[in-house]
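Have a look at the structure below, then the notes.
The values are calculated or read from the model by the stated rules, or taken from the named source; none is laboratory data. Because the structure is a prediction, the values reported are computed rather than measured. In this analysis, Cβ positions are derived from the backbone assuming ideal geometry, glycine residues included, and neighbour counts consider all displayed protein chains. Surface accessibility is based on the protein's heavy atoms, side chains included, excluding ligands, DNA and RNA. Shrake-Rupley method; radii C 1.70, N 1.55, O 1.52, S 1.80 Å.
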Amino acid sequence: MYARMLESDPSCNGRFFTGVLTTGIYCLPACKARKPKPENVRFFPTCEAARTAGLRPCKKCLPDDYARGADPILQDIEMLVTEIRARPAAFPDVRAVVRRSGFGVTRLFELFRQHYHATPADVLLRARIAAARQLLLATNRGLVEIADEAGFDSQSTFHDQFRRLNGLTPAAYRQLRDASSFTVALPSGFPLGYLRRALGRDTQSVSERLEGQRYTAALPLSAGPAVLTLELAAAEVRATIAGGSAADAHGVVLGLLGLEQDAAAFTRLARKLGLARLVAGRAEMRIVQTPSIYDGLLWAIIGQQINVAFACVLKRRLYERAGTKLANGLYAPPTPAAVAALEPAELLPFQFSRQKADYVITTSRLIANGALPLDELRLMSATRAERTLLAVRGLGPWSVNYVMMRALGFADCVPLGDTGVTSGLQAGLKLDERPDIDGTRRLMSVFSPFRSLATAHLWQFNQPPPP
């Protein structure tokens with residue numbers, strides 16, 4: 001517990017409270033106050049226990065508020081981000097965000113990193129891009145007017161940033177309204193082989209197939225099942241969608257390619273740490289996102305305590321049982337409602353354990369009845385999303401971090417306990433043995449705020465380069 005307190009680990013908030021005998025206060029484990037010596041620390045299961053010992057609550061991290069379910073600092077940051085997203089043009093620069101927040105610059109950056117895995121500048125830029133996307137699809141306004149309304153200070157900045165994060169120019173993005181295909185530009189040095197390895201990891205998949213440079217996947221888009229085809233090339237990816245919206249398909253393609261991730265910044269960090277070998281040959285590699293949040297949840301639940309090959313088998317059988325078979329022979333992934341209609345006993349003949357079947361179906365029912373709104377998860381802070389998912393029966397810290405990384409796109413997550421991470425750390429850092437969970441947490445802390453990308457590189461570290 002002391003090690004987690006030293007790391008200001010927010011995942012331990014509420015699990016225990018730390019008391020400092022020399023100052024007479026008790027804190028959340030994630031408190032950023034100066035760390036005491038171990039002999040001056042006591043741990044308590046509740047705030048009441050700490051107060052009984054004669055300690056008073058910290059005025060910086062407000063442990064009593066947290067214990068009551070309130071988190072005023074988090075709520076302040078979430079309200080600020082909601083305002084940025086609603087009116088990005090009202091914030092001409094990061095200084096305006098700082099002034100509106102009421103926090104100092106250092107403290108605000110710390111809070112954005114902790115709760116959103118991003119800087120204020122990142123959040124502001126993505127809010128502007130999102131506003132521009134909406135205006136491009138919903139209106140016929142000129143590009144100059146849209147750039148101004150979204151808060152960009154120049155047309156060139158708008159064009160460059162939009163193309164960098166979308167792989168399309170603003171004008172090309174607008175054409176998605178009536179298109180059935182589009183071409184996404186890849187960053188220079190994009191390691192296509194690693195993308196192909198990720199897309200083709202289940203060679204027997206019933207929902208997707210990779211044949212040479214062509215990837216085909218059945219998707220559950222907003223209008224129903226659709227088929228996405230990608231033609232992969234070194235500099236670009238040509239996407240064609242049948243049965244769905246090109247704009248919806250573009251969102252999926254962005255996730256598959258990971259274009260919104262800052263691979264270059266992680267590469268600079270790895271090299272600064274003296275770990276250039278970790279990114280050698282794949283400096284622009286990104287995390288391939290799951291096509292939907294629900295797909296990520298299914299992977300996380302099904303993959304618990306089994307190997308990838310067997311997880312693929314179980315997932316295929318679930319899709320065949322509850323998905324929709326399309327004309328090309330692929331199965332569109334099942335909807336939460338379709339899985340919610342099953343009973344656990346129906347999955348037992350498919351080699352699901354009773355517990356795993358129960359978790360899959362119970363989670364699907366939460367989604368289907370609105371108790372776990374997946375669309376809202378995308379808008380939540382990382383802190384709120386983690387707490388929401390941890391409250392779901394069958395989702396532990398490993399599963400939640402996997403979902404946050406692979407399905408929600410948060411940048412600073414580690415599925416602690418994952419053998420790919422620990423074996424990658426052992427090889428990459430030349431350790432005598434694989435680290436335990438506490439050791440993994442400590443070693444991965446140096447990669448913050450890009451621990452998700454570090455995880456992806458560690459997964460690849462012990463594998464041979466793809467052809």
The farthest towards the positive end of the charge dipole of the chain, of the residues 421, 439, 207, given +1 on Cβ of Lys and Arg and -1 on Cβ of Asp and Glu, is 439
On average, how much accessible surface per residue is there in the chain, in Å², for a 1.4 Å probe, leaving out ligands, DNA and RNA? 45
Just subtract the alpha-carbon distance of residue 431 and residue 268 from 0.36 nm times their residue separation and send over the number in nm, one decimal. 56.4 nm
Cysteines, the chain, no other Cys beta-carbon under 4.7 Å: 12, 47, 312, 413
For the range 14-128, which whole percent of the accessible surface, found with a 1.4 angstrom probe, sits on carbon and sulfur atoms? 54
The chain, convex hull of Cα, quarter of hull surface, nm² -> 23.3
Restricting to Cα pairs under 8 Å and 6 or more apart, the percent relative contact order of the chain works out to 11
So for the range 53-160, what are the equivalent ellipsoid semi-axes in whole Å, largest first, each being the square root of 5 times an eigenvalue of the Cα gyration tensor? 35, 13, 9
Cα-based Debye curve of the range 10-89 sampled at q = 0.13, 0.14, 0.19, 0.27 Å⁻¹ gives log₁₀ I(q)/I(0) of -0.44, -0.49, -0.76, -1.31
If a helix is a whole DSSP H run, which ones in the chain reach 18 Å or further along their own axis (Cα) and hold a mean Kyte-Doolittle hydropathy of at least -0.5? 72-86, 120-138, 308-322, 354-368
For 167-175, 82-90, ranked highest to lowest by mean beta-carbon neighbours within 10 Å, the order is 167-175, 82-90
For a quick check of your reading of the filter: which trypsin sites (Lys or Arg not before Pro) in the range 376-426 sit in a DSSP loop and have no more than 15 other Cβ atoms within 10 Å? 378, 393
With the charge dipole of the range 186-286 built from beta-carbon charges (+1 for Lys and Arg, -1 for Asp and Glu) about the Cα centre, the Cα from 256, 195, 232 projecting farthest to the positive end belongs to 195
Two-decimal Rg/Rh of the range 368-421 from alpha-carbon positions, Kirkwood Rh? 0.97
Pull up the DSSP beta bridges for the chain and report the antiparallel fraction as a percent, rounded to 5. 90
Using the structure shown, select from 32/356; 272/356; 35/272; 35/430; 325/356 the pairs with a Cα to Cα distance greater than 32 angstrom. 32/356; 272/356
Which trypsin sites (Lys or Arg not before Pro) in the range 252-306 sit in a loop by DSSP (not H, G, I, E or B) and have at most 11 other Cβ atoms within 10 Å of their own Cβ? none
I'd like to know how the range 277-352 sits against the 2.2 N^0.38 Å rule of thumb: what's its Cα Rg over that expected value? 1.35
If I compute solvent accessible area with a 1.4 Å probe over the protein chains, what percent of it on the range 215-336 is carbon and sulfur? 53
Share of carbon and sulfur in the accessible heavy-atom surface of the range 366-415 [1.4 Å probe, %]: 54
In the neighborhood of residue 394, defined by Cβ-to-Cβ distances under 15 Å, what is the net charge if each Lys or Arg adds +1 and each Asp or Glu adds -1? +3
Give me Rg/Rg_expected for the range 120-277, where Rg uses Cα atoms only and Rg_expected = 2.2 N^0.38 Å with N residues. 1.13
Mean 1/r over distinct Cα pairs of the range 372-467, inverted to a Kirkwood Rh in Å, yields 14.0
Answer in debye to the nearest 20: the dipole magnitude of the range 164-319 about its Cα centre, from +1 Lys/Arg and -1 Asp/Glu charges placed on Cβ, is 500
Would you calculate, for the chain, the mean residue ellipticity at 222 nm contributed by helices, counting each DSSP H stretch of 4 or more residues as -39,500 (n - 2.57) and dividing by all residues, to the nearest 500? -14000 deg cm²/dmol
Taking a temperature of 25 °C and a viscosity of 0.890 mPa s, what whole-number D in µm²/s does Stokes-Einstein yield for the range 114-179 with Rh from Kirkwood over alpha carbon pairs? 202
